[in-house]
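The values are calculated or read from the model by the stated rules, or taken from the named source; none is laboratory data. All figures in this text were calculated on a predicted structure; none of them were measured in a lab. As a convention, Cβ positions derive from the backbone with ideal geometry for all residues, glycine included, and neighbour counts pool all protein chains shown.
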Amino acid sequence: MQPSEYIELLKTNRSGKVEGLCGRIIRGKTPQCFARLSDDPNRKVVMLTDSEGLQSLLGKKYRPEFGRIPYSVIEQMAGYKFKDADDPKDPRFMSHENFNKRQSKGLAAVRALLYHTLHLRELFRGDGFTYDEHGNRGVREYLLPNVEVSSIDGVIVHDLTVACP
């Protein structure tokens, strides 16, 4: 399937078999937000989905709700909620530098590092799939460097209209 064929299915709210494509939904409000694969200039790695993931987006209305040890237990081990320290000015923010300075690099420190530097949030399990808040496995996802969108051969960018319930 060509990217333009996928965009046509997306624009016309139709379903279809998607093969040979991968993609990412990028959020933002200004053209500058869409220059890179993430609008966060500090983000080094982003995630894409495969053809199956792109296929699952077809025929749907878009709404802004996009391990073995539970995430909540890991936060308890850390002694704080990672989202409460998601600012480089917070002393609990786990940058690469802060992680390397630590004597103990246990599970909680590694999970905080993934949360703060790679934006691998509470639903991330590390097995190559997305999950919803109920633990239902979704589509495959892939990591890649956060590069200029214009540097990707064959890239096609298409605006989505997000409808809030």
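Filter the stretch 76-123 for residues that are out of contact with any His (no Cβ under 8 Å at 6 or more places or on another chain) and among the polar types (S, T, N, Q) and give the result. The answer is Gln76, Asn98, Asn100, Gln103, Ser104. Among the residues of the stretch 1-45, those identified as within 30 Å of Leu114 (Cβ to Cβ), polar (S, T, N, Q) and exposed (fewer than 12 other Cβ atoms within 10 Å of the Cβ) are Thr30, Gln32, Asn42.
Of the residues making up the stretch 115-151, those that are aliphatic (A, V, I, L, M) and closer than 15 Å to Ile25 by Cα are Val139, Leu143, Leu144, Val147, Val149.
When Glu97, Glu133 are checked against the criterion of being loosely packed, with under 10 Cβ neighbours inside 10 Å, assigned to a helix (DSSP H, G or I) and of a type in the set (Asp, Glu), Glu97 stands alone in meeting it. Name the residue that is surrounded by the most Cβ atoms within 10 Å (Cβ to Cβ), counting only residues in the stretch 138-157 that are of a type outside the set (Asp, Glu) and in a loop (DSSP other than H, G, I, E, B). Per the stated criteria, the residue is Asn146. Residues in the stretch 1-37 that are assigned to a loop (DSSP other than H, G, I, E, B), within 23 Å of Glu148 (Cβ to Cβ) and modelled with pLDDT under 85: Arg24, Ile25, Ile26, Arg27, Gly28, Lys29, Thr30, Ala35. For the stretch 100-117, the set of residues classified as more than 14 Å from Ile74 (Cβ to Cβ) and buried (at least 16 other Cβ atoms within 10 Å of the Cβ) consists of Thr117 only.
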